[in-house]
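Structure, as structure tokens:
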Amino acid sequence: MFWLILRGALTRQRGKMAMIALTMALGVSLATAMLGVMMDVGDKINQELKTYGANLNVIPRGASILGDLYGVGEGNGVSDKYLAEDELPRMKTIFWAFNIVDFAPYLEMQAFVSGLSASSQAMVVGTWFDKHLDIPTGESVDTGVKKMKSWWDVDGSWASDDPDSPSAMIGASLANELGLGVGDMATIDAKQGEGKKLTISGLINSGGDEDRQLFVPLAIVQEMSGRAGLVRRVEVSALTTPENDLARRAAQDPESLSPAERDTWYCTAYISSIAYQIEEVISDARAKPVLRVAESEGAILQKTQLLMLLLTVLCLACSALAISNLVTASVMERSAEIGLLKALGATGLAISLLIMTEIMITAFAGGAVGYFAGLGFARFIGRTVFGTPVAVKGLVIPIVAILAMAVTFAGSIPAIRMLLSLRPAEVLHGR
Amino acid sequence: MNILELNGVSMIYGQVKALYEVSLTVEKGEWLAIMGPSGSGKTTMMNIIGCMDKPSSGSVVLDGQDLSRLNPSDLTAIRRDKIGLIFQQFHLISYLTALENVMVAQYYHSMIDEDEALGALDRVGLADRAKHLPRQLSGGEQQRVCIARALINYPSLILADEPTGNLDETNERVVIGILKRLHAEGSTIIVVTHDPEVAEEAEKTVFLEHGRIANIVKNAPCHDLASSGN
Amino acid sequence: MAVALFAIAIGATVLLGMAAISYDIPRQMGREFRSYGANMALVPVGSPLISKEATDRARALIPPDQLVGMTPYRYEMVRINMQGYTAAGTLFDEARRTSPYWSVDGEWPDEPGEILIGYDIAEFTKLAHGAVVTITGRASNGGRFRRDMTVAGIVRTGSVEDEFIFMHLAEMEDLTGIAGGTVVEASVAANEEELNSLVARIASEIPDVAPHLVKRLTQSETTVLSKLQSLVFLVSLVVLGLSMICVATTMMTVVMERRKEIGLKKAIGADNRDIASEFLGEGLLLGCVGGLLGVFCGYFFAQAVSVNVFGRGISLDWRLFPMVILVSAAVTIAACLLPARRATAVEPAHVLRGE
């Protein structure tokens, strides 16, 4: 009979139930979407902030990065230390391999570059443009400056790493000086032996030092400078967690942590733990966090997440209010029915059970629909804003379910209690 | 044997004495009508007899049990077991069929029995309307469903509050006919009404005025005989 | 009625708060993005150095509320113990503003004679803060200079600064005997468009300075900020929708509770239009009062969010206020209409009998 009453209530007053289910669906879908977006916004923004470039510089231990960056003379206290190119794929095997988004090695040399009309001393940078790598774990990735330097304004196309048909990219001001354009041949004069001729595939406009450099495939610089298989430094772009006290202490000295703290630190994507792990897999390497990028990322991520958290809480509160209002209203409407059931001898418990079950079933149906609508909505937000759909985490389901249950309960219990405290006589005589 | 005894029952709401020192006995199988102008205490009395309210003072004994000592949940149990309620506004559950509305009373009383519920509808002449929803029934038919629901659990006492208040002449006749038949079958009936025609059908009419019993009139038995002669 | 007023006020609070926040997001977040450092560099044209006077003229062209910091750098080769290093003369107060990411172990230089040394130099030379070093170099007139300086702190950034020595610009000018900066970095909280026009203005008005935008910062900022803004905008729409639903359900509850009253009014001769207009009037009043309340609460709400998240107050467009009140009134009326229509459709007798 319980189910008979329930079935009657659910199927024969569809309008009312549909209204509750609809509000429920709406509330739940928006809550799901918001929670989904909130939980994923960190990753998404982090991904976006990758356009600011590398947040880790990997250099040989004991080496100075100054010499290469500023050309302050070779041998001037700058020791000749290098990293091995064939060790680089190991970076994708560390604990946080998945967080290593992109990386690119560099090996520079000073050389005479001649174009069609002029020649000049310039920095020739060997690097990976869009290199295909086979990782020891069996996976493969494509990485290089094409992904790392997304802010470069490239006139023409990106050069190729292909050793059979090598091409080069040239900084806009250097190109201007040498009278080179896309498709022209540039010649790099070697100190000894034969020079190299490369086709210019694109002009770089970066607003920085790159405008005066020539970018060629890594192998060419290695060959011409006699440093086969070596690179000077590697820029790494990694997704990281904002730093906290633990991370700062670890950055000072990882050995000062207790074993438990160390585990926490090692298994969190702090920039310092990623740097530490890179140092573990690449021999004689020192991974230096680029604070400009790392610190700013942390600040912006935190602000964004805090903002989204606030908005999500607001959103949840609003949907809770809307749902509980409606549930209260729909229970209150049934005062006559509840009075009658009491007059017929139903106990308060039996009535509460009946109404709660009825509302819960409706809410569940609405909530299920809402959940899936919310998934779609989150995807929509993700695609509109970030161009990739937001992956709603599994954690959202229990949160939303508990929330919806709690709200429905909170909305119906006071109303039911109030109605049960009414004496049937008062309700039935319409007073 | 007395099914109901009221001894010095008073109901006082603040300054207002809705009922004052009312004593009344109802015998088993008796048909009693309670009449009186608005505000005379009819509804209060009905609520007290129907276990939906407790008097401020005095004792109510229903079927040998003193109601004034019971707590609300015991009162609910008594109401369920001993009393069949008929309302002026029918109070049927809108989303349940006539049959299911009768079965709800069975459900809260003990256990459901569809055949028995159909039988009850048959007794009020509604067997063919069992699967209809209240909104598909006329006022008279709804009241008959309400009566079927009231008698499904074989109550010691049938309590009707203005059972014909919302009905036209024809339906009033039908409902009174059913009450008569129930009376003839031995049910104890108390009808609260202000319709003299309904009151006349009872064996005894209690007149309430200002919360007191003003008069008790025994109706001519010929009515009773004449109509229940079959 | 109090419940309805409460709901409307909350709705209006959310409305104003969200509108204010999503309107102000680019400005607020733009400030945060300044932690990436300078986004404009001024280099000298014609002469090797930028004079203080040219710097001040450029500074005057940048709106003061958008200028985060403007830091001149003067690079010179110096030696410590015969080892060559790049020394940069700068204004430390400004440097802290333009490069907030510098992590200094020890103190920022305050007194004359105090310097910062890069992390790599400190590692290499084993110098700690408090150490006194002798800096030597060649002055512009060909003579040599030599001065003892105290290491106030060690700066770590993970990039080129780790290999620099930083000293007060005035001291650098004093030592070398020539005034001016090699480059002036400016951090300006503005979008790409504003920056471009600023660059054009500086270039045209100050001929001996060539302003450049740090492309990788300005461009990245534009993309990230626009995404953030559209995210907050979408989310605001969601929250708005929800708060409107909330107002609507509350109004429905309130109106449904008054079915009896409607029935009674109809019974004593009111027609549907009378009842509808009565409800609309009430809705309008409720909406306006609730909206007004919400505007006040919303202002403080937006202010609180801004202070908590960004640590700064919010700037509000005052035109938002009447708009919010209008929208609340419209939503309230719309929310009244449906239940009022349903209620007026009911036969008065039914309602009054309590069916």
Study note, to complete from the structure: Most fluctuating of A:Thr11, A:Thr388, A:Thr264 in the GNM of chain A (C-alpha, under 10 Å) is A:Thr11
Practice item. Return the single residue from C:Met18, C:Met323, C:Met244 with maximal mean-square fluctuation; model: Gaussian network over chain C, springs between Cα atoms under 10 Å. Key: C:Met323
Review point. To the nearest whole number, what is the average tally of beta carbon atoms from other chains within 10 Å of the beta carbons of peptide B:102-110?
Key: 5
Review point. Can you give the helix-only mean residue ellipticity at 222 nm for chain B, where every DSSP H stretch with n ≥ 4 adds -39500 (n - 2.57) and the sum goes over all residues, rounded to the nearest 500 deg cm²/dmol?
Key: -10500 deg cm²/dmol
Check your understanding: When the helix-only estimate is applied to chain A (DSSP H runs of n ≥ 4, each -39,500 (n - 2.57), divided by the residue count), what is the mean residue ellipticity at 222 nm, nearest 500 deg cm²/dmol?
Key -> -17000 deg cm²/dmol
**Study point:** Average Cα contact separation per residue, chain B, under 8 Å, 6 or more apart, as relative contact order %
**Key:** 27 percent
Revision key, fill the gap. Note on the range A:122-271: contact order normalised by length, alpha-carbon pairs under 8 Å, 6 or more apart, percent, works out to 24 percent
Point to revise | Residues B:His210 and B:Asn2, FRET efficiency given R0 of 30 Å [Cβ-Cβ distance, rounded to 0.05] | key: 0.70
Practice item. Taking chain B as the reference, fit the longest principal axis to its C-alpha atoms, fit the long axis of helix B:169-184 to the helix C-alpha atoms, and give the angle between the two in degrees, 0 to 90, nearest 10. Key: 70 degrees
Exercise for review: Report the paramagnetic label zone for C:Arg146: residues of the range C:160-175 whose backbone N is under 19 Å from a point 7 Å from Cα along the Cα-to-Cβ axis.
Suggested key: C:172, C:174-175
Exercise for review: Count charges around A:Thr304 for me, please; just the other residues with Cβ under 12 Å from its Cβ, Lys/Arg as +1, Asp/Glu as -1.
Suggested key: -2
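So for B:His109, B:His210, fewest C-beta neighbours within 10 Å to most, what's the order? Please report the intermediate quantities before stating the final value.
Details: B:His109 18, B:His210 14.
Ranked by crowding around the Cβ, least crowded first: B:His210, B:His109.
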Study note, to complete from the structure: Contour minus Cα-Cα span, A:Glu87 to A:Leu422, at 0.36 nm per residue, comes to 112.7 nm
Check your understanding: How many nm is it between the label spots at C:Asp56 and B:Val217, if each spot is 7 Å from the Cα in line with the beta carbon?
Key -> 11.5 nm
Exercise for review: Select from chain A the helices, each a whole stretch of DSSP H, whose alpha-carbon atoms run 27 Å or more along the helix axis and whose Kyte-Doolittle mean is at least 1.0; answer none if there are none.
Suggested key: A:291-332, A:348-386, A:396-421
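Defining a contact as two alpha carbons under 8 Å apart and six or more residues distant in sequence, what relative contact order in percent does chain C show? Could you put the intermediate results ahead of the total?
Values: 619 pairs, mean separation 104.0, N = 355.
The normalised contact order for chain C reaches 29 percent.
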Revision key, fill the gap. Taking the alpha-carbon centre of each part, the distance from the range A:220-272 to the range B:130-144 in Å is 80 Å
Practice item. Find the centroid of the Cα atoms in the range C:151-184 and in the range B:149-183, then give the distance between the two in whole Å. Key: 104 Å
Study note, to complete from the structure: Summed over the other residues with a beta carbon less than 12 angstrom from that of B:Arg123, with K and R at +1 and D and E at -1, the charge totals 0
**Study point:** Extension gain from A:Ala317 to A:Ile135, taking 0.36 nm per residue of separation minus the Cα-Cα distance
**Key:** 60.8 nm
Check your understanding: For the range C:263-329 and the range A:107-140, what is the separation of their C-alpha centers, rounded to whole Å?
Key -> 64 Å
Check your understanding: Hey, rough spin-label estimate for B:Ser73 and A:Thr264, points 7 angstrom out along Cα→Cβ, what's it come to in nanometres?
Key -> 4.9 nm
Revision key, fill the gap. XL table A:Lys92/A:Lys131; B:Lys54/B:Lys180; A:Lys81/C:Lys126; A:Lys92/A:Lys149; Cα-Cα > 25 Å flagged, in table order, is B:Lys54/B:Lys180
Practice item. Quick one: among A:Asp153, A:Asp253, A:Asp284, which has the greatest mean-square fluctuation in a GNM of chain A with alpha-carbon springs under 10 angstrom? Key: A:Asp253
Practice item. Please find the FRET efficiency linking C:Met77 to C:Asp208, where r is the Cβ-Cβ separation and R0 is fixed at 22 Å, and quote it to the nearest 0.05. Key: 0.35
Exercise for review: Treating the angle as unsigned and between 0 and 90°, give the value, to the nearest 10°, between the Cα long axis of helix B:72-82 and the longest Cα principal axis of chain B.
Suggested key: 60 degrees
Review point. Can you give the FRET efficiency for C:Phe300 and A:Leu349, using 1/(1 + (r/R0)^6), R0 = 56 Å, r = Cβ-Cβ distance, to the nearest 0.05?
Key: 0.80
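If I require 27 Å or longer along the helix axis, counting alpha carbons, and a Kyte-Doolittle average no lower than -0.5, what helices from chain C are left? Use full DSSP H segments. Please list the in-between numbers first.
Details: long enough: C:2-33 (44 Å, 1.08); C:215-257 (63 Å, 1.12); C:272-310 (52 Å, 1.06); C:320-345 (38 Å, 1.62).
Span-like helices in chain C: C:2-33, C:215-257, C:272-310, C:320-345.
Net charge within 14 Å of B:Met1 by Cβ-Cβ distance, Lys/Arg positive one each and Asp/Glu negative one each, not counting B:Met1 itself?
Numbers: positive: B:Lys28; negative: B:Glu5, B:Glu27, B:Glu30, B:Asp63.
Summing Lys and Arg as +1 and Asp and Glu as -1 gives -3.
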Check your understanding: If amide H atoms are built 1.01 Å from N in the plane of the peptide, which residues on other chains or at least 5 residues away come under 5 Å of the amide H of B:Gly29?
Key -> B:Thr188
Review point. Roughly how many nanometres apart are two label points built 7 Å out from the Cα toward the Cβ at C:Lys126 and C:Asp65?
Key: 5.5 nm
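Could you work out, residue by residue across A:291-303, how many beta carbons of other chains sit within 10 Å of that residue's beta carbon, and then give the average as an integer?
Working: counts 13, 12, 6, 3, 8, 9, 2, 2, 6, 7, 0, 2, 8.
Neighbouring Cβ atoms belonging to other protein chains average 6 per residue here.
Coordinate-derived values only; no laboratory data. Since the structure is predicted, the reported quantities are computational estimates derived from the model, not experimental observations. Heads up, the Cβs are rebuilt from the backbone with ideal geometry, glycines too, and the neighbour counts pull from every protein chain shown.
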